[in-house]
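Structure first, commentary second.
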Amino acid sequence: MAQKCNICLCEAADGIKHCIYCGAEIGAREPKTVDELKAYCEARNLPTEKMRFFIGEDYREPKAFGIYEDADGAFVVYKNKADGTRAVRYSGPDEAYAVREIFIKMQQEIGNQKQKSARTKSEIRSYVDRSAGNGNSSTAKKKKSSGKRYGDVIKAIVIAVTAAMFLFTGYTLIKNRNTPDSGYYYYSGDYYYNRGGSWYIFDDEEEIWSRSDRIDELTDNFRDYYAGYDFRDDYGIEDFRDSEFYQSYSGGYDGYDSGYDYDYDYDYDDDWDYDDWDSDYTDWDSDW
């Protein structure tokens, strides 16, 4: 019976321990080496350059994440900020640890892009729908004239400029806010979930979610530990949305743009169009 490698997605014969195509251990949920991470990205057609992730490369231009092995055999995980300065996340001999750091960051950025892209599209559609609804009065019944066409052009320009100002203001508020996003976090070897400003931790032994006390490091530097909004099987935990805390919660909002909780109706599957990737959504001024 054929198996499938979770890293490169190639089929593997039953009974073998390592994929003959990428070398990954059969059953592994995450890449452990730089080569496995490359295979993971290639199998999923991830446009890593557009995503600003440089795997196996000491890339020196601004606005970039990367991992590479230096001349001394150390694995270096880095972030080049917007001003070109470099923040080194890890430099050492543990390849698996280094790869996990960049892998988790990649998942965070993918989740961030999906949220921001979906929210932006939703806001545009909503604004256009409202604007169209407000214009369906008696003007539609009037005789067309050059004056009306001119007025329509002016109206369209005003709507476009207003929408642009609205989206820019919303994005600025989102980017500069200091409240944790709702979603999954990976901190000090454990997975956490933030919902409505409250923290929850997954207990590996009991295999359940429970409330967590405030952890200042996690709360104050939440962006450094954000794993993503949508659940992934390779987390190796229970989906928080199946927990009693999620099911019993009522009211409020669940969004990255507030401290409250609400459910997204957006599609977070693997068919998301990476052409929508916008590197300006990334906070390039932080250390990680």
Practice prompt. Beyond 32 Å between alpha-carbons counts as too far, so tell me which of 17/79; 17/116; 32/114 fall in that bin.
Written response: 17/79; 17/116
Response to the item:
Interchain or sequence-distant (5+) residues whose placed amide H lies within less than 5 Å of the amide H of residue 54 are 65, 66, 67
Fill in: Förster radius 51 Å - calculated FRET efficiency between residue 157 and residue 97 (Cβ-Cβ, nearest 0.05)
0.45
Worksheet item: Expressed as cubic angstrom per residue, what is the convex hull volume of the alpha carbon set of region 1-119?
Response: 111 Å³
Worksheet item: Near the amide H of residue 199, under 5 Å away, which other amide H atoms are found, from residues 5 or more places off or on another chain, if H is placed in the peptide plane?
Response: 212
Worksheet item: Once phi is turned into θ = phi - 60°, what whole-Hz ³J(HN,Hα) does the Karplus curve with 6.51, -1.76 and 1.60 give for every residue of region 220-232, x standing for Gly and Pro?
Response: 6, 10, 4, 4, 6, 10, 5, 9, x, 7, 8, 6, 10
Discussion item. Rolling a 1.4 angstrom probe over the protein chains, ignoring ligands and nucleic acids, what is the accessible area of residue 223 in square angstrom, nearest 10?
Written reply: 80 Å²
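The values are calculated or read from the model by the stated rules, or taken from the named source; none is laboratory data. What you are looking at is a predicted structure, and each value in this text was computed from that prediction instead of being measured. Please note: Cβ atoms are built from the backbone with ideal geometry, for glycine as well, and neighbour counts cover all protein chains shown. Accessible surface areas use protein heavy atoms only, side chains included; no ligands, DNA or RNA. Shrake-Rupley method; radii C 1.70, N 1.55, O 1.52, S 1.80 Å.
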